[in-house]
1. Can you grab the distance from the C-alpha centre of the stretch C:445-480 to the C-alpha centre of the stretch A:151-170, Å, no decimals?
2. Can you find, among C:455, B:274, C:14, the residue farthest towards the positive end of the dipole of the protein assembly as shown? Put +1 on the C-beta of Lys and Arg, -1 on that of Asp and Glu.
3. Along the positive direction of the dipole of the protein assembly as shown (beta-carbon charges: Lys, Arg +1; Asp, Glu -1; about the Cα centre), which of C:659, C:57, C:523 reaches farthest?
4. At R0 = 56 Å, how high is the FRET efficiency between residue A:152 and residue C:524 if r is their beta carbon distance? Nearest 0.05 is fine.
5. What ranking of C:95, B:273, B:58, B:463 emerges when the number of other C-beta atoms within 10 Å of each C-beta is taken as an exposure proxy, fewest first?
6. Considering amide H positions built from the backbone, and no H for Pro or chain starts, which residues 5 or more places from residue B:73, or on another chain, come under 5 Å of its amide H?
7. Which far-off residues, 5 or more places away or on another chain, put their amide H under 5 Å from the one on residue C:71, with H placed in the peptide plane?
8. Please work out the Cα center distance from the stretch B:296-336 to the stretch B:183-228, rounded to the nearest Å.
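Each reported figure results from applying straightforward, stated rules to the coordinates on display, with no laboratory input. Not measured: the values here are computed from a predicted model. Methodologically, a virtual Cβ is constructed for each residue, glycine included, from the backbone with ideal geometry; neighbour enumeration extends over all protein chains shown.
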Amino acid sequence: MTLPILLFFVFAGIAVGGALSLIFAREPIHSALALILVMVALAVLYLLMGAGFISAVQIIVYAGAIMVLFVFVIMLLNAGVENRTQHSIMARWLGIPLAVFLIGDLAYWMARGAHALPLAERSGSLAAGPVSTQDLSLHLFQSYLFPFEITSILILIAVLGAVVLARREP
Amino acid sequence: MPLRADMMADLCRIAPELILCVFGILLVALEPFVPSSSKRALGWLAFSGSLVAIASLWIVARHPGPAYGGLIQVDNFSLFFHGIILGSVAVVILGSINYLCEERLQRGEYYALVLFAAAGMGVLAGAGELITSFLGLEMSSISTYILAAFRRDARKSNESALKYFILGSFATAFFLYGIAMTYGATGTTRFTGIAQALSISGPTLLAVLGLGMMLVGLGFKVVIAPFQIYAPDVYEGAPTPVTALLASAPKVAAFALMLRIFYVAFGPVQHIWFWAIWISAVLTMCAGNFAALLQTNVKRMLAYSSIAHAGYILVAFAASTELGIAAVLFYLAAYALMKIGAFTVITHVGGRGERHLELSDYAGLAKKQPAIAACFTLFLLSLLGLPATGGFMGKFYAFQAGLDSRIIWLVVIAALNSIVGAYYYLRVILTMYFREPAGESGPDAGLGSEIEWMPQPVAASIWVVLIIAALGTLYLGIFPSRVMEFALRSAASLR
Amino acid sequence: MSAPYFLEHIWLIPLFPLAGAALMLFFGRRLPKPAISTICVGSVLVSFIYALGAAVTLCSWPAESRSFEKILFQWISAGAYHTSAGLLGHFTADWGFLLDPLSVVMVLIVTGVGLLIHIYSVGYMAHEGGYYRFFGYMNLFMFSMLMLVLANNLLLLFVGWEGVGTCSYLLIGFYFHRKSASDAGKKAFIVNRIGDAGFLLGIFLISATLGTIRFTEIPAALLAGHFAIGAGVLTAATLLLFVGATGKSAQIPLYVWLPDAMEGPTPVSALIHAATMVTAGVYMVVRNNGLFRMAPFTMEVVAVIGAATALYAATMGLVQNDIKKVLAYSTISQLGYMFLACGVGAFAAGIFHVMTHAFFKALLFLGAGSVIHAMSGEQDMRKMGALFRKIPVTYRTMLVATLAIAGMPPLAGFFSKDEILGRTFGVNHLLWFVGWITAGLTAFYMFRLLFLTFHGHSRVSHEAEHHLHESPSTMTVPLMILALLSIVGGWVGIGGRFEKFLDPVVGRGAAVTEGAMAPTTEYTLMLASVIVGLAGIAVAWQMYIRNTALPGRIAASCGALYRLVYNKYYVDEIYDAVFVNRTKDLANTLWAFDAGVIDGAGVNGVGFLTRLIARISMWGDTWIVDGSVRVSSRLVWVLSFPVRLLQTGLLQSYLLVMVVGILGLFGYYIFLFRH
């Protein structure tokens, strides 16, 4: 087992563990901190794949900006302990095993599917070798300019949504 | 810097989306400066925006071909879908103006969100590549999540939006995962590229899994079984004009994407997905129709009915021929018209606070407002599939395509299902015409002044919507040739 | 070269009533009654004139070229494709109108009888609410029915087919404050939908096989496709079409809606449920006779179902006490005759019976309406009796119609029924026998109706008696015209003239069976059907004139009737005196049977037996047919249960369902991939 693969499993484990504790934590602030953990672990995974720029953006934007905002909001709102519902026994006794089965199933078949591919096909045009920031920006602002612009509208929609849902009634 | 000719052409190809976004931003910007007494004007601004976008289709039609290196594809197919989507959105905006006044929700953001959603759907209809289509999908989804929650003070609206959001995110995550797998399997996200790779390699496991995952996301958006389960709750809880939108335009746009992915990108492996669609069609029809049978809430009943209709569309989808694609297109056009018409009637009858959604509220409507009852009857008969209505022609082409491709059992099941459908549509007509209105039993029954409930007078904008939808339904039923010819040409342009 | 005026403007025939209906929808509420009647009756009158003009023009052409097609505009085109039979189909359907001898007959029936019924309705509905609504629906019905008979392709025919169904539904439920009425409307619509689904599938199958659904192109496509007689696909297609016909024309097993449909106003029953709409199924079968001829198995099914329905419905008609219900069962029975005719290949005879039936059954219904009108809404025949003097015009016209339906020469019913029975005899003796028995039953129950209503002693309540009056002339004049038609309507069939007229449409096959029968057989059969009709009348006479005249009530009658009844009673006294020793202890109910055994003709016994059979079939109707309807609604409830179980409203369960769906999907894909 090479070092990158070892590191992958370590940080993938951290990411999954963080995600689980995000869901199961009852204090909102714990959830937020778990989310930061997930983001950081993901940044490391990106780095392992040679995507240094994305990794940096991941830390700056998610872990840095968004999560700080989350933590502030939670503190300002003074959100209490989350209530647990005891509804849907079916979801608990059937849902959890099924979800586990689904994940296992997918993982198994994906692993098999990936092995079935020749190495040349496993790497697409974008992911050939370490991606430089320059490559990325060329892709982003030339061939994928249109989706990039759409994203800005998407963010505008999200802002609008926040305004609509959170605005105080006149 | 002067615009180069090719850049200009690219801009022309996305003219409707540009116009919609400009108007959307304009609405948001103007919103604080418009006094609350004249917010209604914002609705008319949004409506004119959608009209301008429709008009811009002429410009689009003059510039067929790929834009932005094939991320967007302008062909007859995308024009057809743009027509349905923009038309639906314009009509929905018109139907919302009065409703928002009634509910005291008249805000520029509402219209802006509708326009942004429309822009997203336009991207979906024209997308020639998976990432772009994903962004279009997100644009329309997020806008509609917010719109579903627009009645913030109504618990049902909040519940509906939350359910829609969580389940929608779940489905979209699968869609994104599917994109990643498809990319992994074929090395490209362009539809034509995927088709090329697949025709060389054949169906690889990863590609097939990717397709399955994308079907989860798409199935959620077009509301087919087993991903239809959220729809009744969401449709019932959302503000009725939003329900009209949800049931029409996003569904239509998602079908456009589904057609492109299944027929263009995964066209070479048609045999892989045929039975999945077949089974889903049967499940969808049955789930929609049988659940609708016992509904007494008309809004919810129509939600189930729109599930059933997705099933009929899948019959044409499964036909795997050009006639089948054209039938899907035609059906969607007819479907959007009659569904918007029906939900507009519900908006009107529902009244302030959406208090009159039960079947019993429709008792004697034929006497109180005969024209409204007549319009509703037309839409219901069209949904039922009575000849000389658009709904009939839609079913006709769909079944014809099915029989042509020798999927006879599916057609037979669909025909039987449409008999079941007759039962619940008829019940509403029966109630409107043949039942005496019961006394008011709503929350303010004790007031005594209101012995018999009367629907409010019909607003002019509601009239316009109903007339457009009714004439359109009849037009498609009596003169379907022209639309069908266009649909056939669109189907041909897809291949 | 443009065609003569009336043919060129044939599309106006259905358009006039449509315009009338549209006017009623938009302005009806504000118009005064005279204006409404003028517009609606006027529109049908103009249609009738145009139909007459077109018919005369067409008939002036030589017989072999009597066919005219007017295509208004293209409706549907689906491009060229290859059919399963290897033909190149170029599927189109137009808004096109076809006028040939068959549609001439139908159009004249629809507009002519329709016009009379519209005039009648002016009087009948004068005191009812919703006047404009009634006439609006009626005009809409006329439009749909005319579209149905004038359509030049199956799909346009289907448009009219659904249209008449919808109007029928609206009109049955016209008195919607009665729950039974709106329920009956719904039942009619849903039962019809079952038939319609079959019909539509049949149309699809035909278009997929032959590549065309245009009536004028189907024969050529059949030739080009080199189909064998009895080819499976043709059998399937025709059976599906026939399923549609059983729904609309109330045949076994889909007849259940028609008796309930009597909840509608009586003119509606006359127009829709007797004269026109219910015969649409027969028309459709005859229209597609080329296809049906290619499917002998279907023909057998049609004949058997027709004969069975004729007998079954007739037995049920025997015990009804509601005057309209008797007529309803009678209609079902007569429709059975028409299908029997089609089934044995006598398509022209079927249409001939459609025509004569339209005359006398419309007359019977309108007469019944006049009786009900006179009786202030009473429909129970047990509360009538001895009305013939009070409403003489109604009585005389009804008598004519009853004689006609009983098949008495030289009235209309005789010719058409005889034609059908004669043709059936040539094909299958058993079917003929069933038809023959039914003819006797028909005569019996129709005269029972007549006797109970108009003869015997009066059982009318005082209140109704007080209001008893003859109907206004708007009602009686149509009755008289229809009576005239019921007398002379059959004469066009003498010497096979009617058949010859229809030859261009149903031609070739008709000639095959012709001449197969010796003239002596023909006359024997004719005699046999007259005899069985007379026997039926005699039984009715025995049971409803003699039997009812019990001691103590004789005084209620007077004059000639008194003597008549008295004498009959005297005859019964003789029976009693002769057999008193042995029958002294027998219960009153058995008396009829006992007298029948002794009676040389045995008529009373036959009557008893038929009543018994009728009871049994009524029982079957109640428990088996209605029961199955109940079971199916329960089934629907059960089937929707899983859906409702999953629709809990809880997010978690929804996610669960989605996960199960995803797993299923992946399971399927992976399964497929591995194989």
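1. About 77 Å separates the Cα centre of the stretch C:445-480 from the one of the stretch A:151-170.
2. It is C:455, whose Cα lies furthest towards the positive end.
3. Ranked along the dipole, the leading option is C:523.
4. Details: r = 95 Å, r/R0 = 1.70.
That gives a FRET efficiency of 0.05.
5. On the way: C:95 21, B:273 25, B:58 9, B:463 16.
Least crowded to most crowded, the residues run B:58, B:463, C:95, B:273.
6. B:67, B:127, B:128
7. When sequence neighbours closer than 5 places are left aside, the close amide H contacts are C:97.
8. Here the answer is 22 Å between Cα centres.
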